[in-house]
Amino acid sequence: MSTPASLPRAIAFVGGGNMASAIIGGLIAQGLPAERITVVEPFEAARDALRSKFGIEALPSATEALQEAELVVWATKPQTFKDAAYAVGPFTRHALHLSVAAGITTDSVAQWLGTGRVVRAMPNTPALVGKGMTGLYARADVDAAGRTLVDGVIASTGQFIWVAQEGQLDAVTALSGSGPAYVFLFLEAMTQAGVDMGLPQAQAYQLAVATFQGASELAARSDEPASVLRERVTSKGGTTHAAITHMQATQVPEHFVQAMRNAESRAKELAAEFGK
């Protein structure tokens, strides 16, 4: 079976958790043969699950089999990245490397692996259902062909953007990387409000989820900014106006912005902590 031109001829994953599974599933759906995918995963139960679900090769540790990989995706935990890099690096210095590990800079990855061909990604959990949003940054050693290769892989999980400076990935982390949790928090609050006002919990949750889905789709299809879309459904003296003015009076938007700045600061701290 031939490999689609937009995808790597062979790909290896270091770590076989949720994000790796999301990418693997997307790649197979796009036509990449399962036999061209290898995963290094130390936990036996996880290896068995990957073999059963995708029919791919899952190894307990790095071997010469990794030498065939055109692209290596690093989906390991930040605290184990360095040790894994020293084990895998000798087999993969020819490859392009894509890291989805939070808080690890490309300087650290390049140093550990002995190559500057490194791309860093900040995905988010909707990638699990093909609706992800990923921020990407490439070192200078990554050429246009390398970026195109990464495009094809990440597109299997949803949308993506490239940022010009690696430090901007901290903002991506705060905005979209951590963003699903903000949405879930609002869904919790909206559902609880619905229950408090007399709706069954299942109906309240359905209403809240559908409202987020519909509003997001409306925003995605509109050329107008969110502020204009908000104003159009906020008639002065009406029900929406009552809710929005309360949020503004209690500085909900300002607190929300500050919360995201806290997330950005923590992203910088993680980079300093795990990138040594």
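All of the numbers you see were taken from the coordinates with simple rules; none came from a lab. Predicted, not measured: the structure shown is a model, and the values here were computed from it. With ideal geometry, Cβ positions are generated from the backbone for all residues, glycine too; neighbour counts draw on all protein chains shown.
Site pair residue 6 and residue 197 shows an inter-label distance of 4.2 nm when each label is modelled 7 Å from Cα along Cα→Cβ.
When semi-axes √(5λ) of the Cα gyration tensor in Å is calculated for this entry, the matching label among (i) 39, 21, 18; (ii) 25, 21, 20; (iii) 28, 20, 19 is (i). Relative to one another, the C-alpha centroids of the range 244-265 and the range 28-68 are positioned 43 Å apart.
Dividing the summed -39500 (n - 2.57) terms of all DSSP H runs of n ≥ 4 by the residue count of the chain sets its mean residue ellipticity at 222 nm at -16500 deg cm²/dmol. The H on the amide N of residue 98, modeled in the peptide plane, is under 5 Å from the matching H of 72, 73, 74, 119, each at least 5 residues off or on a different chain. Dipole magnitude for the range 11-164: computed about the Cα centre from +1 point charges on Lys and Arg Cβ and -1 point charges on Asp and Glu Cβ, it is near 340 debye.
Overall, the anisotropy analysis places the range 1-131 in the rounded class: the square-rooted eigenvalues a ≥ b ≥ c of its C-alpha gyration tensor yield a/c less than 1.5.
A straight Cα-to-Cα reach below 27 Å connects residue 268 with the lysines 77, 82, 131, 276, residues fewer than 8 places away in its own chain not being considered. Listed values for the range 234-240 are Karplus-derived 3J(HN,Hα) couplings in whole Hz (6.51 cos²θ - 1.76 cosθ + 1.60, θ = phi - 60°), namely 10, 5, 4, x, x, 5, 5, and x replaces Gly and Pro. Each of the peptides 245-254, 138-147 was scored by the mean count of other Cβ atoms within 10 Å over its residues; in descending order, highest first, they stand as 138-147, 245-254. Among 260-266, 65-71, sorting by the average number of other beta carbon atoms lying within 10 angstrom of each residue, highest first, gives 65-71, 260-266. For residue 39, the residues whose modelled amide H falls within less than 5 Å of its own, excluding neighbours fewer than 5 places apart on the same chain, are 13, 57, 58, 59. For the range 210-223, backbone phi angles converted through the Karplus equation (6.51, -1.76, 1.60; θ = phi - 60°) give residue-by-residue couplings of 5, 5, 5, 4, x, 5, 5, 5, 4, 5, 5, 8, 9, 8 Hz, Gly and Pro being listed as x.
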